[in-house]
Amino acid sequence: PVAVLQGRAHYYERGRPDEMRDAIRTLAGIGCETLLQTNAAGSLCLDMPPGSVMAITDHINFTGVNPLFGIGPGDGRFVDMVDAYDPALTQALLAAADAAGVTCHQGVYIWFSGPSFETPAEIRAARVLGADAVGMSTVPETILARHAGLKVVALSLMTNYAAGLVPGKLGHEQTLAVAKASASDVKRVLRAFLERYT
């Protein structure tokens, strides 16, 4: 059995990093054990072009905020984030991609608050920090899920190169177009992963 959420609320929409807290606590409350996330992201690697998929192995929170702000000391606010993206589930995701005939990269995702795209200078800084993909989501949900005791596995779809990597401007229309064109690959990977999930 699975529970499916369509879309997510983002920090940039109302300035609340804990926007997804109730949804994730509800998933944990009805018995979910794993949170499988997907997102659209910008690639920081020239060998991971738009249309590529990437399993997230770790993240960098570049926003300065945390969805656990205000959590009391008795509520477990000091959450261990080592292996935040479950290594065994990540390997299962990679195996599912292979079985589906989809090349799946793996790497580190960096969270910027948005909604403006990052500057080329910010992307250069992110690359120095060790990021492979950039986006405006996923990290707060991962933190909330780990706080709720859920395992996490995540798949990013590269919809564009990040600012400054290649000539040209960024726009949301490109994100939507590439996401639509590459949806079949993502579906095949997710189906193969879920069929093998134990």
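The values are calculated or read from the model by the stated rules, or taken from the named source; none is laboratory data. This is a predicted model, so every value here is computed, not measured. Quick reminder, even Gly has a Cβ in these numbers, built from the backbone with ideal geometry, and neighbours come from all protein chains shown. Accessible surface is based on the protein model in full, side chains and every heavy atom, while ligands, DNA and RNA are left aside. Shrake-Rupley method; radii C 1.70, N 1.55, O 1.52, S 1.80 Å.
Summary table below
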item: Filtered residue count, segment 8-67, keeping only those that are closer than 30 Å to ASP98 by Cα and β-branched (Val, Ile, Thr); result: 7
item: Segment 119-142, residues that are surrounded by fewer than 23 Cβ atoms within 10 Å (Cβ to Cβ) and acidic (Asp, Glu); result: GLU122
item: Matching residues in segment 15-39 - criterion: being open to solvent by 50 Å² or more (accessible area, probe 1.4 Å) and touching a helix residue (DSSP H, G or I) at 6+ places or on another chain (Cβ under 9 Å); result: ARG25, LEU36, THR38
item: Every residue from segment 172-186 that is under 18 Å from the mean Cα position of the chain (by Cα) and either aliphatic (A, V, I, L, M) or under 11 Å from VAL53 (Cβ atoms) (or both); result: LEU176, VAL178, ALA179, SER182, ALA183, ASP185, VAL186
item: Tally, over segment 46-85, of residues that are closer than 30 Å to VAL178 by Cα and either among the β-branched types (Val, Ile, Thr) or open to solvent by less than 30 Å² (accessible area, probe 1.4 Å) (or both); result: 14
item: Residue match in segment 90-102 (condition: open to solvent by 60 Å² or more (accessible area, probe 1.4 Å), over 21 Å from ASP22 (Cα atoms) and polar (S, T, N, Q)); result: yes
item: Contacts under 7 angstrom Cβ, first residue in segment 66-80 being in contact (Cβ under 8 Å) with a residue 12 or more places away in the chain, partner surrounded by fewer than 10 Cβ atoms within 10 Å (Cβ to Cβ), 6 or more apart; result: none
item: Some residue of segment 145-152 being outside any strand (DSSP E or B), more than 17 Å from ILE60 (Cβ to Cβ) and within 14 Å of the chain's Cα centre (by Cα); result: yes
item: Residue count, segment 143-160 (criterion: open to solvent by 30 Å² or more (accessible area, probe 1.4 Å) and either among the small types (Gly, Ala, Ser) or modelled with pLDDT under 95 (or both)); result: 2
item: Test: THR26 is more than 16 Å from the chain's Cα centre (by Cα), under 26 Å from ARG191 (Cα atoms), in a helix (DSSP H, G or I) and among the β-branched types (Val, Ile, Thr); result: yes
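Residue-by-condition table, conditions (1) farther than 21 Å from LEU157 by Cβ; (2) out of contact with any Leu (no Cβ under 6 Å at 6 or more places or on another chain):
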position: LEU27; (1), (2): yes, yes
position: GLY31; (1), (2): yes, yes
position: LEU35; (1), (2): no, no
position: ALA41; (1), (2): no, yes
position: MET54; (1), (2): no, yes
position: CYS104; (1), (2): no, no
position: TRP111; (1), (2): no, yes
